[in-house]
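Student: Got a structure for you, written out below as structure tokens; questions coming shortly.
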Amino acid sequence: MAEITNVVGEGVEAKRRSAAVDFFVRLVREKPLGTIGGVIVVLLLFTGIFADMLAPEGFNDIHPAKSLLPPSADYWLGTDNIGRDLFSRIIYGARISVIVGLAATTISIIISTVIGILSGFFGGKFDIVTQRFVDAWMCFPGMIILIVAISLTGPGMWQVIIVLGLQYGIAGSRIVRSAVMAIKQNIYVESAKSIGCSTPRMLARHILPNIMAPIIILFSTRVPAVILAEASLSFLGLGIPPPAPSWGGMLSGQGRTYMFMAPWMAIWPGLALTVVVYGVNMFGDAVRDLLDPRLRGGVGRYSGVRIKKKGIQDRQGEQAVNN
């Protein structure tokens, strides 16, 4: 009986906590790598927001007499070919690369989710027409589409964001569609239809929560892909125009040219990209495991509080049988 009382107390305490607090507590306790990834993402966003306060110099302050200096006490990461401080440019690059990565990925996820849910749920002629368009889109090499689109719109941050969002959004709709087609065959969806549940309610309550796992994974894989795509466009002169610092542009442009003469020009942007990829992927996997309602540890409708309640009921039943 005392054990049941303790479990009840734990369940009430967990119930009092908000969903956000419960999520972060479980993230720290159950997903240490995800916590590290979350810290990296938060530090990255903090650096991008407060770049003006953190950077010792401006991103385009030129010192011709100090070009190609190795890392030292004065310049922690060295200088580039025209004497700009790489540490300052890496900090300002966080603002540009992360904004492009997150904004373009968010647009692509919205497009993928809308197209994938509508196509997978309704099916029929709408699905056939939509997927033939997606197939035609995916037949063209992605870089060719990006080059043509940027050539028409012109280089610039928002042009790159919109073009990359459309490119990855249409292609990623196939993944969302496959998940929706698997979910809509479940009994609870058929039950919702039989009792007259409206289509928007079914999509919001039964379809969308159960496809969050592939959507989160898609988001975590799209962010580094978008940053690398922006790097490729910057290398071709179609990305964000210089002198704006971009990790991809620093790595693909001057970093590649002076790779052997000044290797630190390629090492630091590459290391920054590596940390971003690691942090986003680890944090995305952890969030997927904690939010997926199909998993026993999800914080959705099958949260740990509900599991504890079920355990309490089972133990109370066993106690009643024993008595």
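The values are calculated or read from the model by the stated rules, or taken from the named source; none is laboratory data. A quick note: this is a predicted structure, and the numbers were derived from the prediction, not measured. So basically every Cβ, Gly included, is an ideal-geometry build from the backbone, and we count neighbours across all protein chains shown.
Student: How many residues are over 22 Å from the mean Cα position of the chain (by Cα) and assigned to a helix (DSSP H, G or I) if we restrict to segment 88-137?
Tutor: 21
Student: Among the residues of segment 168-196, write down those that are assigned to a helix (DSSP H, G or I), over 18 Å from residue 138 (Cβ atoms) and β-branched (Val, Ile, Thr).
Tutor: 180, 183, 187, 189
Student: Please name all residue pairs, on different chains or six or more residues apart, with Cβ atoms under 6 Å, provided the first residue is in segment 228-246 and is farther than 11 Å from residue 93 by Cβ and the second residue is surrounded by fewer than 17 Cβ atoms within 10 Å (Cβ to Cβ) and of a type in the set (S, T, N, Q).
Tutor: 243/60
Student: If you don't mind, another one. Only one of 101, 48, 93, 83 is within 30 Å of residue 181 (Cβ to Cβ) and at pLDDT below 90; which? Let's see the steps before the verdict.
Tutor: Working: 48 fails: within 30 Å of residue 181 (Cβ to Cβ); 93 fails: within 30 Å of residue 181 (Cβ to Cβ); 83 fails: within 30 Å of residue 181 (Cβ to Cβ).
On inspection, the qualifying residue turns out to be 101.
Student: Does residue 95 satisfy the condition of being out of contact with any Pro (no Cβ under 7 Å at 6 or more places or on another chain) and farther than 30 Å from residue 74 by Cα?
Tutor: Considered against the rule, which asks whether it is out of contact with any Pro (no Cβ under 7 Å at 6 or more places or on another chain) and farther than 30 Å from residue 74 by Cα, residue 95 comes out as no.
Student: Only one of (1) more than 20 Å from the chain's Cα centre (by Cα); (2) farther than 27 Å from residue 129 by Cβ fails for residue 203. Which number is that?
Tutor: (2) is the only condition that residue 203 fails.
Student: Another question about this same structure. Conditions: (1) over 22 Å from residue 47 (Cα atoms); (2) in a helix (DSSP H, G or I); (3) touching a Pro at 6+ places or on another chain (Cβ under 7 Å). Residue 238 meets all but one. Number of the miss?
Tutor: Residue 238 satisfies every listed condition except (2).
Student: Do the conditions hold for residue 174, that is, is it among the charged types (D, E, K, R) and surrounded by 17 or more Cβ atoms within 10 Å (Cβ to Cβ)?
Tutor: For residue 174, the condition - among the charged types (D, E, K, R) and surrounded by 17 or more Cβ atoms within 10 Å (Cβ to Cβ) - is met.
Student: From the set of residues in segment 197-222 that are among the small types (Gly, Ala, Ser) and surrounded by fewer than 19 Cβ atoms within 10 Å (Cβ to Cβ), which is nearest to residue 101 (Cα to Cα)? Working first, answer last.
Tutor: Here is the first cut: in segment 197-222, the ones among the small types (Gly, Ala, Ser) are 198, 204, 213, 220.
Then drop every residue that is not surrounded by fewer than 19 Cβ atoms within 10 Å (Cβ to Cβ), which leaves 198, 204.
Values: 198: 36, 204: 27 Å.
Of everything passing the filter in segment 197-222, 204 is nearest to residue 101 (Cα to Cα).
Student: In this structure, does residue 77 turn out to be loosely packed, with under 15 Cβ neighbours inside 10 Å, at pLDDT 85 or above and either more than 30 Å from residue 218 (Cβ to Cβ) or not polar (S, T, N, Q) (or both)?
Tutor: When the stated conditions are applied, residue 77 does not pass them.
Student: On to the next question. Please tell me if residue 250 is within 23 Å of residue 84 (Cβ to Cβ), modelled with pLDDT of 85 or more and either in a helix (DSSP H, G or I) or more than 15 Å from the chain's Cα centre (by Cα) (or both).
Tutor: Working: within 23 Å of residue 84 (Cβ to Cβ): yes; modelled with pLDDT of 85 or more: no; either in a helix (DSSP H, G or I) or more than 15 Å from the chain's Cα centre (by Cα) (or both): yes.
No; evaluated as a whole, the condition is false for this residue.
Student: Tell me, please, whether a residue that is of a type outside the set (Lys, Arg), over 19 Å from residue 249 (Cα atoms) and without any contact (Cβ under 8 Å) to a residue 60 or more places away in the chain can be found in segment 76-87.
Tutor: Step one: of segment 76-87, the residues of a type outside the set (Lys, Arg) are 76-83, 85-87.
From what is left, the residues that are over 19 Å from residue 249 (Cα atoms) are 76.
Now drop any that are not without any contact (Cβ under 8 Å) to a residue 60 or more places away in the chain, which leaves 76.
Scanning segment 76-87, I find at least one residue that is of a type outside the set (Lys, Arg), over 19 Å from residue 249 (Cα atoms) and without any contact (Cβ under 8 Å) to a residue 60 or more places away in the chain, so the answer is yes.
Student: Which of the numbered conditions does residue 56 fail, given that it passes all the others? Conditions: (1) at pLDDT 85 or above; (2) out of contact with any strand residue (DSSP E or B) (no Cβ under 7 Å at 6 or more places or on another chain); (3) surrounded by fewer than 16 Cβ atoms within 10 Å (Cβ to Cβ).
Tutor: All conditions are met except number (2).
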